[in-house]
């Protein structure tokens, strides 16, 4: 089966750096995605990792270690607008393009 | 026109009603998805369509019936729902291959009374 774990809640202050971890178990790993979802809104795509290493995109970076079944999303120079839920999702070869989502990590950024 | 649109945005229905949710994508994608999002639960995949063909039905009760008339439109027909079906229903689309990141619509907030 598939299992995705991420912390339920995190808090941080403006300007800080926060790392949101995600561990997963899947038999046919074929990519890991991070999405951001503000309250009452649709999830929006942040990043994609399929090979080991770090992908950087502005203030956001995502890391993947396939051997450890582990990923993290790194958010730098936090802003109030970064307060949202961050969803880790995994794609399995047997499931085609379908994604399996974790429960999400609610990040609260305070001033 | 925004990428993925959904109508209605809010829906209240009784357990004996029949209603339909509509999703339309303007991104030229050929895969579409229905997800259910309930409080404190992960996004649950319900149905997947690739090139208008249903490729996944994730053990969804028959009171939910999807329809995909073409690669741009997706419907979710609802009948005799239960109060526990109250949730946010999200539609998404993607390319059918490659990185295939999914783009989500704003969702329909469904309340079953």
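Each value in this text was obtained by applying a stated rule to the coordinates, not by laboratory testing. The shown structure was predicted, so the numbers you read here are calculated from the model rather than taken from an experiment. Quick reminder, even Gly has a Cβ in these numbers, built from the backbone with ideal geometry, and neighbours come from all protein chains shown.
One table, with the values for the structure above:
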read-out	value
Rel. contact order, % - alpha carbon contacts under 8 angstrom, at least six apart, chain A	37
Neighbour-count order for A:63, A:33, fewest beta carbons within 10 angstrom listed first	A:63, A:33
Whole-angstrom gap from the range A:59-111 to the range B:38-113, using each part's C-alpha centre	22
B:103, A:24 arranged by Cβ crowding within 10 Å, fewest neighbours leading	B:103, A:24
Other protein chain Cβ atoms within 10 Å, averaged over every residue that makes up B:33-43	4
